[in-house]
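Below is one structure, written out as structure tokens; the observations come after it.
The values are calculated or read from the model by the stated rules, or taken from the named source; none is laboratory data. For clarity, every value in this text was computed on a predicted model and none was experimentally measured. Counting neighbours? That spans all protein chains shown, and the Cβs are built from the backbone with ideal geometry, glycine included. When the accessible area is computed, the model is the full protein with side chains, heavy atoms only, and any ligands, DNA or RNA have been set aside. Shrake-Rupley method; radii C 1.70, N 1.55, O 1.52, S 1.80 Å.
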Amino acid sequence: MTRRLSLFGATGSVGQSTLDLVRRDGESWRVTVLTANRDVAELAKLAHEFRPEVAVIADEARYPALKAALAGTGIEAAAGADALVEAARRPADLVMAAIVGTAGLAPTMAALEAGTDVALANKEALVSAGALMTATARASGATILPVDSEHNAIFQCLAGGRIEQVRRIILTASGGPFRTMTAEAMAHVTPAQAVAHPNWSMGAKISVDSATMMNKGLELIEAHHLFPVGLDRIEILVHPQSVIHSLVEYVDCSTLAQLGSPDMRIPIASALAWPQRMVTPCAPLDLPAIARLDFEAPDEARFPATALCRAAIAEGGARPAQLNAANETAVAAFLGGRIAFPAIVDTVKRVLDADAPAVPASLQDIFSVDAASRTTAQHFVDQLEHA
Ligand code: NAD
Ligand code: MG
């Protein structure tokens, strides 16, 4: 049976891994939508290969270039944020949400509203609007299939019992490239050092988030929305080898874990094929070669981001949206060489301290909080840069 796949964020790390799997299993898939932010050449190349109904470039200024590149193919060219939402409403069997940041929120919501199942990599959308997203999915009957490796692991482990029987969810974290570095040394790390993750090859933003451990904090919020066991039942455990992708402990003290090579194609394949399984080209686990698995408690003094995230989701409302937007702004400033590494989490903290947003009633409210938080964060970044 051929399934229709709409892929948002086709040119990114998760997007490319998804297409690698689709390419190897061409008969099973028909690609309906492909999108990218600015890279017209790469989007057009993928469109020529996968022949979607429509290719969408988010940056409207690049519409003429995309239209020209697709001339004569019969593939529609479209551009802009509204075109992303329109594409997400098109009939599909699965939407892969692999845009980075809250830029992915509107199309993901549109897909869920239309009742389309979503394979969700775009954790920032869930962090910002988790309550709305899960309520929308419940109302339309759409399933959210987690792609983030930890959440995909938990999703798989939850097949071993019922959610009311869970005592603890243990979210594993690699600890990132600075796991053993002193706070003093972290003050001087460069963007190149921060994006060099020891185990995973990923986009720049999530790599920096892994280095600050903000990624694990965002994942805690993500887990809280996806797996309603109560915030105090979700723990973080540092596991430097990234072989165990997370664990679920049941009331009988039986603990299930999901293991695999650190290759995103494994959780992506799990989400693509669910409730079936598909063959992947990934390396099977070689446990004798791995030989040992290490675990340590997270150090929240050197890595304060996880505690900020826990407090933000405990408070709820628009706090996580505010935190996420401040973090996106601060990470971009760090990657642009404007602020030092420790200033990323400091900026997020300052934004959270600066104002308390009202509880959001709609997606529009969340977008307003997101915009205000970016402005405040940018103000702090400017101050630091000119200090
Ligand atoms: P990436 O930077 O490699 O790719 C991001 C994609 O989003 C690209 O296709 C880009 O063109 C598109 N994009 C960026 N800004 C956009 C905008 N403003 N409007 C429309 N499109 C835009 O990122 P990635 O590493 O593939 O991560 C994608 C998402 O998946 C993130 O939310 C990330 O946290 C999550 N995730 C990634 C990994 C991984 O291994 N890379 C693992 C777990 C979760
Ligand atoms: Mg993850």
Taking the Cα centre of the stretch 271-348 as origin and charging only Cβ (+1 Lys, Arg; -1 Asp, Glu), how large is the dipole, in debye to the nearest 20? 200 debye
Among Ala55, Ala142, Ala330, which one shows the biggest mean-square fluctuation in a GNM of the chain, springs joining Cα atoms closer than 10 Å? Ala142
Rank Met96, His48, Pro298 by how far each Cα sits towards the positive end of the charge dipole of the chain (+1 on Lys, Arg Cβ; -1 on Asp, Glu Cβ) and give me just the farthest. His48
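With a Förster radius of 51 Å, plug the Cβ-Cβ distance of Ala61 and Phe295 into 1/(1 + (r/R0)^6) and report the FRET value to the nearest 0.05.
0.55
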Rank these residues by their accessible area, most exposed first, probe 1.4 Å: Lys216, Lys45. Lys45, Lys216
Using a Förster distance of 56 Å, the FRET efficiency for Val251-Ala41 (Cβ separation, nearest 0.05): 0.55
Charge dipole magnitude, Cβ of K and R +1, D and E -1 - the chain, Cα centre, debye nearest 20: 600 debye
Near Lys216, which lysines are there with a Cα under 24 Å away, not counting those fewer than 8 places off in the same chain? Lys123, Lys205, Lys349
Heavy-atom SASA rank of Lys349, Lys205 (probe 1.4 Å, accessible area, largest first): Lys349, Lys205
Mind ranking 254-267, 188-201 by how tightly packed they are, going by the mean number of other C-beta atoms within 10 angstrom, highest first? 254-267, 188-201
Interchain or long-range residues, amide H under 5 Å from Gly175's placed H: His239
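Given a 1.4 Å probe and heavy atoms of the protein chains only, how would you sort His225, His151, largest accessible area at the top? Before the final figure, lay out each step's value.
Details: His225 40, His151 0 Å².
Most to least solvent-accessible, the answer reads His225, His151.
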Among Pro191, Ala159, Leu256 - extreme Cα towards positive end, dipole of the chain, charges at beta-carbon: Ala159
Excluding residues fewer than 8 positions from Lys67 in its own chain, the aspartates and glutamates with Cα under 18 Å of it are Asp39, Glu42, Glu49, Glu53, Asp59, Glu76, Asp82, Glu86
Distance between modelled label sites at Val359 and Ser201, nm, 7 Å Cα→Cβ extension: 4.7 nm
Structure-based [θ]222 nm, the chain - -39500 (n - 2.57) summed over DSSP H runs of at least 4, per residue, nearest 500: -14500 deg cm²/dmol
